[in-house]
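The values are calculated or read from the model by the stated rules, or taken from the named source; none is laboratory data. All values derive from a computational prediction rather than experimental measurement. Quick reminder, even Gly has a Cβ in these numbers, built from the backbone with ideal geometry, and neighbours come from all protein chains shown. We work out accessible area using only protein heavy atoms, side chains counted, and drop any ligands, DNA or RNA first. Shrake-Rupley method; radii C 1.70, N 1.55, O 1.52, S 1.80 Å.
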Amino acid sequence: MPRSGSRRQAILDAGALLMQQRGFVGTTVEDVTDQLDLTKAAFYYYVENKEQLLFQISTQTLALADTSIAAIERSGDAPDRKLARMVDSFVRLVAERPAFFTVYFQEKGHLGANHLKSVTRIERKIAAALERVLREGMAGGAFRTADPAVAAFGILGMCFWVYKWFRPAGRSTVDEISALFQALALHGVAAGE
């Protein structure tokens with residue numbers, strides 16, 4: 001029998017895949033338990049209900065991004081290097097976990113008010129870290145002066161939209177997409193252009 005962490009993760013993985021295919025409304029707890037050959041009692045041991053499943057998928061998705069971005073922001077790298085690393089991190093996270101990001105972006109409207117407030121707080125934390133890096137680059141003259149919040153949202157939108165169109169067997173690899181997006185972000189904010 002799997003350890004509780006791996007059983008819980010299996011439930012989140014199955015839930016994310018099913019919700020990616022069928023949406024939140026079209027996915028039932030029974031769909032998830034059937035997918036895993038799990039009893040409903042076992043499901044409810046790990047997850048309180050379907051909305052809680054969506055919340056756990058959402059928070060896990062955002063926590064991965066938050067952890068990565070916070071570490072990059074704290075690094076001693078120059079702002080342009082931090083920005084490039086953040087873009088790379090966003091692109092790779094989305095490409096490696098498309099079901100989780102699809103569910104998060106398309107289904108978060110089904111979260112209850114408290115859960116939505118919780119995920120919005122993490123979203124804001126991620127955007128604020130990127131915004132601070134942009135401000136740092138602007139203050140040092142490496143980046144053009146612009147509204148850092150607007151620039152941050154533009155970069156986030158570019159990176160997170162990958163969930164809509166990236167396919168592992170598609171015409172571009174994750175490395176190629178990351179390199180292009182880093183260049184677009186860096187050239188877009190570079191001073192003197």
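What number comes out for accessible area per residue over the chain if the probe is 1.4 Å? Units Å², please.
Numbers: 9990 Å² over 193 residues.
So the chain comes to 52 Å² accessible per residue, rounded to a whole number.
Based on the mean of other beta carbon atoms within 10 Å per residue, what is the order of 153-166, 14-27, 52-65, most packed first?
Highest to lowest by the protection proxy: 52-65, 14-27, 153-166.
Suppose a student asked you for the relative contact order of the chain, using Cα pairs under 8 Å spaced at least 6 residues apart; what percent would you report?
This gives 25 percent for the chain.
Would you indicate which of (1) 128; (2) 115; (3) 155 is the value of volume of the Cα convex hull per residue in Å³ derived from the coordinates of this structure?
From the options (1) 128; (2) 115; (3) 155, the structure gives (1).
Can you compute the charge dipole magnitude of the chain about its Cα centre, using +1 on each Lys and Arg Cβ and -1 on each Asp and Glu Cβ, nothing else charged? Give it in debye, rounded to the nearest 20.
220
Which of rounded, prolate, oblate describes the range 73-121, given a ≥ b ≥ c as roots of the alpha-carbon gyration tensor eigenvalues and a/c under 1.5 marking rounded, otherwise prolate only if a/b is larger than b/c? Could you put the intermediate results ahead of the total?
Values: a/c = 4.49, a/b = 1.82, b/c = 2.47.
It comes out oblate by the Cα gyration axes.
If the cut-off is 24 Å between C-alpha atoms, which lysines fall inside it for Lys50, apart from same-chain ones fewer than 8 positions away?
Lys40, Lys108, Lys117, Lys164
Please determine, in degrees from 0 to 90 and to the nearest 10, the orientation of helix 98-107 with respect to the longest principal axis defined by the Cα atoms of the chain, where the helix direction is its Cα long axis.
90
With a/c under 1.5 counting as rounded, go ahead and sort the range 1-98 into rounded, prolate or oblate using the C-alpha gyration tensor (a ≥ b ≥ c being the square roots of the eigenvalues; past the cut-off, prolate if a/b is larger than b/c, else oblate).
Here the range 1-98 falls in the prolate category.
Pull out a ≥ b ≥ c, the square roots of the eigenvalues of the alpha-carbon gyration tensor of the range 100-181, then state rounded if a/c is under 1.5, prolate if not and a/b is larger than b/c, and oblate in the remaining case. Before the final figure, lay out each step's value.
Details: a/c = 3.18, a/b = 1.12, b/c = 2.83.
Taking the square roots of the gyration eigenvalues as a ≥ b ≥ c, the range 100-181 is oblate.
With n ≥ 4 as the cut-off for DSSP H runs, can you work out [θ] at 222 nm for the chain, using -39500 (n - 2.57) per run divided by the number of residues, rounded to the nearest 500?
Result for the chain: -25000 deg cm²/dmol, rounded to the nearest 500.
How big is the dipole moment of the range 1-71 about its Cα centre under a simple scheme where the beta carbon of each Lys and Arg is +1, that of each Asp and Glu is -1, and everything else is neutral? Debye, nearest 20, please.
Here the size comes out at about 140 debye.
Heavy atoms only, probe 1.4 Å: what % of the accessible area of the range 99-183 goes to carbon and sulfur, would you let me know?
Its accessible area is 58 percent carbon and sulfur atoms.
For Cα pairs less than 8 Å apart in space and 6+ apart in sequence, what is the mean separation divided by the residue count of the range 105-175, i.e. the relative contact order in percent?
RCO, the range 105-175: 22 percent.
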